[in-house]
Each structure stands twice: as structure tokens, then as C-alpha cells.
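Enquirer: Here it is, the structure in full.
The values are calculated or read from the model by the stated rules, or taken from the named source; none is laboratory data. Bear in mind the structure is a predicted one, so any value in this text is a computation, not a measurement. Please note: Cβ atoms are built from the backbone with ideal geometry, for glycine as well, and neighbour counts cover all protein chains shown.
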Amino acid sequence: MGFDSRESAKVLVPHEGDTLQTIAERESAAGNPITWAEIARFNWGTDDEVEIDAFLRDELGARKRGPDNHFVLSPDDKPRDQLLIPTRFKLPKLTLDKKYTLRVRKKVSPPQFVGCCSLPGITFGFDSSFVRPSVVEHLKPLEALAMAHPEARVIIFGHTDAVGTDLYNKKLSERRAWSVHAFITNDPDAWETLYNHPDENWGLPVLQEILADLGHDPGAPDGDWGPRTCAALRSFLGLPDDALVRNDSTTRRTLFAAYLASKHNIDLTAERFVDPGYMGCGEFNPAARTEDRIERNRRVTFYLFHPDRLPNLPCAFADTGPCQKQMVTLDRRHRKGFACSFYDSLSRECGGDGPVILATLRIRLFDHDVRPILDAPYRLSVAGQVHTGRATAIAGVDPADRSWVEVKLPSVPDRALIEWAHPKGDGEGESMAYPYRLELHLDWEAGSDAEEQAERRLHNLGYPAELPLADNLRSFQLAHGLADTGEIDSPTVQKLKMVHDDCEPSPTATVEGNASDE
């Protein structure tokens, strides 16, 4: 069996929440047996789930996510291409007295993502889009990417902190991205427009800061058009000491052009950018999760794409309204990402830009007899890193109880592996043997039901995974003075959360890891 040509394929009219799987099931039920992978390969030459998500987002305009955090289709999407559904045809029978050669031509799509960088030095004052002189020390990653990928197309995303309304922050982040775009492409006219924008506060202090950076000292950037500032401007323009100088458009454009030309040699012309070149993301993609004013969130990010795989930008212009929060799933593991599903899907490819969610992992180490092991050497593998050290006391516990491991993480991974041993001396290190070992579920709330969540918490507390859940529940209930029903009743759930989640001392188990060996 094979497929008819693309010309004879039918165009999908999506149902709300459609996935390739549901489309394939519907087609098969209607007499066109096909799999989701065949639909993907027919349209895009790949059945890789990450690549499929990118095509759904960029070619078909998908913006919503399903329970598994993958994009789903909707009749409201604004696609720039069509999803074709091939139909099967029966191959004619081949005579056996002839020799046939079958050639299969596979459609190959280039990888979309080329590179990215987040430039924390391109930060801005409150309510401002002016690019500060300190940006220079942070431009090397962008310069290296531009040189390494001369054909790549670029888009700039602007971000704000959480102070202000959604629409205000959308417009402010767009102006910041525009300002950086003008900075990179040496566009003083754009900066003149931003200088005069009614919602910006560049003003004379910005001109004074630029003059000082160019080597013409106006004194402190106090906003005073005084003799010192006028002298600095005459020095910059090469005018005599008695020349009259004004803060007019011509002067500012000359000053902006000199400032922009002095800051970088990055070869990124306006033609290298994905139309419109930049967009604002508002407050939905913070580098640090806080409602306060914080410079870290006032940033821009650069993403580079293959010229044949450009993204389909949502809500590109602030004039159309504020961004909408598009991370529609409520599963805990998906709340680790950015609120905008489009930007979140891009950032997963980028190691240089991501939300910082400081999580604290606390583990108490016991032996086989459920006795705390003081000063135990340990090795913790989590989030792609390996932490080694010795157990110690932590805040809020008896200082003599040195059986705890506490590690701060930049994200909340799904799993962690803790290995530990009895202390022997000062020579222990990564090469030593660890007789105790436990893989921890850090996504215990991501379970589909209360039973799965209870199993994960009990596993983290050291209860054997090979035993039935009811047996482990009875053991836990007996250890904590509860009725040994073996059921997930309300008192058991409450106590389990207190012991596991809130680090309540347990008479028989650790808070997040009990003694176990291989």
C-alpha cells in the first residue's frame, strides 16, 4: 500500500483539540487507514515529536496545548500552510518475470533552531528602552553566533518585569526589542523616535550618559542643560567654546549614530531579521519569578533560525492588544515553563534563556535500620549536574542532626538520584562506593490521580516500590499512629503530605529519601 500524490491529498479542517493521533484515528475509522507518523512524514518528512510541535506551531498556527503539553489544533488557528491528509492507493500486482527497482525519496526538513543567546547586560532602567553602555561586555555570544551562521535569520524578543498592566508591558517590551534592533542595525532614526515617545523617559540624562561614554564628560547625568553639558556637547561636535548648541533632532541623531557605531562590529543588517525583526513578550516570560521590580527580567533575547524554517510569530505587534497567557495545561511539570506557549517551545531549545525557578531539594539520609547517618558522604545527580558532599544540619532542625542534604536548583526536574554511604574518612570522593541508592520522584504532584501521587511520595520516603500500595500505606499508617486501613483516606493523605512535602520529622522514614540499596 502507498499514498496518492500530494495533489490528490485532502486539506484538513481541524476539530477543536485535534492532534495527529486523533486525526489519524478519525481517518482510519472513515476507511483511510493511516497513522499519525505517516501524516507527519507526508507533510514534513519527520515523525520526531519536537519537530512536529515546531511545524504545528509555525506552519499550522497552533497556539494551544493539550494535557501532554504538545500543541493541538483549533479551527481558530491562523495557519500559513495546510495540513494534507494523504489517501492510500493499491499498488498494481507486479509480474514475476521482470526485475523492478524501487526508489524512495525522503523529504528532509532542515533543523529550525540554529542558536540563541540571552544578553543580561542589555538591561534597561525602569520604564525605559535605552540600551546602556554596559551592553558591550555581553555582546560576544551574539557576535559569535552571527559569524558562525551567516545565513541564519534572527528575531529579537523583549521582556519586562511584572510591574504594570499586560498591555503596558507588551508595548514597553516591544519598544525595548525595537531599541535593541536599532542598536544592532545602527539605526539612529529609530532611537530618535523612541527618544520622543510619550511613554519613554530617555530625556537629557540619556544624552549625558552617551556623551560620557564617548569621552566628553557632562558631569553627573542629572538632566540639567547646564554649562558642563553644553561644553561636552560642543566637544563632541567639534565646535568652538562660544558656539550655541541645542538639544534638537539633528544633534541627537548625530549623537545616537556615534554611540551606536562605537559599540559593536556585529554584522547583522536589517535584512537578516525575521519580519518584523522584533516583538515584545511583556511580562509572561520572566527570568526570575517575582512580582517586584527586577532588572534581571528587563532583558532581550536573540533567536536564530534556518531561513527555510522561520517561526510563525503570534501577537507580533502591541497595537493588536496584550499578550495572552497560552500555557494552558495545569500539570505541575508544565508550570516550569514560560506562560506563552510559543516562546516556551522556543526556549526549550535554548540553554541561554529560561525561567529561573529556585527550588530547594531537602533529603534526609538513613541506614537500613532507619537510623540517621550523620556526616554521610553523598552523590546527588539532578538536572544534569552531580553534587557531592557530606550530609549536614539544615535550618529548622536540631543542629546535632547532621543527616540532611540541601541543594538549591535552578529548575524543578522530574527525577533525581541520591547515593550515600557511612562516613569513613576525609578521602571519600566521586570514586568511592555508595551502598545506599534511591531514585527520587520530584514530580509527585504530576500523577494522574491520588493513587499515583501517593505511590511516588511513599517511594521517595523509602517504602519498597515492589510491594503493593496497600501494604506500604499500612506501614506508613502504623508508623504515624493512623488507622491501618491500607486506603488513601483523608488523614493518610494529609499526614503523607506533611511528612513528605513539609519535612515533618518522621519516626520511620526520611523526608524525601530513605535508606535503600541496589
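Enquirer: Test Arg246 against the stated conditions and say whether it is within 19 Å of Glu192 (Cβ to Cβ), assigned by TED's automatic domain parsing to the domain that holds Pro188 and out of contact with any His (no Cβ under 9 Å at 6 or more places or on another chain).
Expert: Yes.
Enquirer: Can you tell me which residue within the stretch 131-173, out of those that are over 21 Å from Leu260 (Cβ atoms) and touching an Asp or Glu at 6+ places or on another chain (Cβ under 6 Å), is surrounded by the most Cβ atoms within 10 Å (Cβ to Cβ)?
Expert: Per the criteria, the residue is Thr160.
Enquirer: Say we look at the stretch 419-443 and pick out the residues that are modelled with pLDDT of 75 or more and part of a loop (DSSP other than H, G, I, E, B); which of these is farthest from Ile373 (Cα to Cα)?
Expert: Leu442
Enquirer: Residues of the stretch 461-473 being buried (at least 19 other Cβ atoms within 10 Å of the Cβ), outside any loop (DSSP other than H, G, I, E, B) and in contact with a Gly (Cβ under 8 Å, 6 or more places away or on another chain), which ones?
Expert: Result: Leu473, single match.
Enquirer: Assess whether Arg390 counts as being within 27 Å of Met498 (Cα to Cα) and modelled with pLDDT under 75.
Expert: The answer is no for Arg390.
Enquirer: Considering only the stretch 474-485, how many residues are within 18 Å of Val370 (Cα to Cα) and loosely packed, with under 13 Cβ neighbours inside 10 Å?
Expert: 2
Enquirer: Those residues that are of a type in the set (S, T, N, Q) and either modelled with pLDDT under 85 or under 38 Å from the mean Cα position of the chain (by Cα) (or both), I need them from the stretch 453-495; list them, please.
Expert: Listed by number, the residues that qualify are Gln453, Asn460, Asn472, Ser490, Thr492, Gln494.
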